[in-house]
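Report on one structure; see the data block that follows.
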Amino acid sequence: MSGWSDRVVLVTGAQGFIGSWLTERLLEEGARVVVPRRDVPALSRFRLQGLEPRCDIAQVDLIDYEAVARVLNEYSVDTVFHLAAQTIVGTANRSPLATFESNIRGTYNLLEACRTVGDTVGRIVVASSDKAYGSHKQLPYREDFELRAVYPYDVSKACTDMIARSYAATYDMPVAVTRLANVYGGGDFNFSRIVPDSIRSLLAGQPPVIRSDGTPERDYIYAPDAVEGYLAIAESLDGGNHRGRAWNVGAGERVPVSEIVTRLIAVSGSDLEADVRGDGVPHGEIDRQQLDSASIRAELGWTPRYSLDDGLAETYGWYRAALD
């Protein structure tokens, strides 16, 4: 990878799980990373990995347009990765208004600020999600599939997706959209998710809990592979041919929740069995999801480097060290 040294990169959501991995990678390449921050979580990979003192921290809420524009101007930002969002499906179901404010308003404020500062911002990558596709009988999802989001979180990401592509089409802005599969890895402290919750239980000597019946299927991608996808997509904007594109980034394999837990039990060396509590798919969740990532593989040369077993083993090791 080249071309990131001395670039000024704004990463929204850098304190979050995926954002911390992306920030770490950018710092390794010599970029100056600017982090807009509203809250200060007590527990985050961003702090545990010592990333915070290496970044420029700006106390900014993305729903404050003027503050966002000020940061872009004062730091002369040339690349933007927009990952900040309320990402928990259950939280979105309980509190849709806050989710819409954060995920939708925060996105159009940031994009409008990028538009008004002019040509100084040359790369803008906006995080959508595979959830934006909603439920389709035909799998895997291709980028030309209709966005059929229904539930609050999924709708917020579909709106984010369409708003970003609208700015690219209307104003010829250097914007691209990522639609990632389920990302896992060290530093995800949202224990409502199956990977960190199962690992935490196993480390405590307790059976991992599966809240569904174990049959929902997802496409899983390890965080470092997701980060390389983000970087490849950002670099693709330099030529101007990929503006307004949406890119799927996934492993292309559908894996049941029960199998993820079984593999984590094997990694742990435990003889525990999963505690399966559900009768079906929880309300507000999609039963089966899988991404077709042929476009990014063929056009940008990206491909995942980690197998699922290798990624889960590294993830388990990270939590074993961190939670110790």
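Things worth noting here:
- Whenever a residue of the stretch 14-39 is assigned to a strand (DSSP E or B), its partners that are of a type in the set (Ser, Thr, Tyr), lying with C-beta atoms within less than 9 angstrom and at least six residues away or across chains, give the pairs Arg32/Tyr75; Val33/Thr23; Val34/Tyr75; Val35/Thr12; Val35/Thr23; Pro36/Thr12.
- Scope the stretch 174-196; condition charged (D, E, K, R) and either closer than 13 Å to Leu312 by Cα or part of a loop (DSSP other than H, G, I, E, B) (or both); matching residues: Asp188, Arg193
- Qualifying helices (runs of 4 or more DSSP H) (wholly inside the stretch 215-322; at least 1 residues being closer than 18 Å to Asp188 by Cα): 223-236, 257-268, 308-322
- The set of residues in the stretch 17-38 being within 18 Å of the chain's Cα centre (by Cα), under 18 Å from Tyr75 (Cα atoms) and not hydrophobic (A, V, I, L, M, F, W, C) consists of Thr23, Pro36, Arg37.
- Residue within the stretch 49-63 that is surrounded by 16 or more Cβ atoms within 10 Å (Cβ to Cβ) and under 21 Å from Ile286 (Cα atoms) present: no
- Complete set of residues in the stretch 236-286 that are acidic (Asp, Glu) and either within 25 Å of Ser307 (Cβ to Cβ) or without any contact (Cβ under 8 Å) to a residue 24 or more places away in the chain (or both): Glu253, Glu259, Asp271, Glu273
- In the stretch 156-167, the condition of being outside any helix (DSSP H, G or I) and free of Cβ contacts under 8 Å to residues at least 24 places away in the same chain is met by no residue.
- Search result, residues across the stretch 28-37 that are more than 15 Å from Cys114 (Cβ to Cβ) and surrounded by 15 or more Cβ atoms within 10 Å (Cβ to Cβ): Glu29, Ala31, Arg32, Val33, Val35, Arg37
- Looking only at the stretch 45-58, and only at residues there that are assigned to a loop (DSSP other than H, G, I, E, B) and in contact with a helix residue (DSSP H, G or I) (Cβ under 7 Å, 6 or more places away or on another chain), the one that is farthest from Leu110 (Cα to Cα): Gln49
Any read-out appearing in this document is the output of simple, stated calculations on the displayed coordinates, not a laboratory observation. On a predicted model such as this, the values are computed, not experimentally measured, just so you know. Here Cβ is always computed from backbone atoms with ideal geometry, including for glycine, and neighbour counts include all displayed protein chains.
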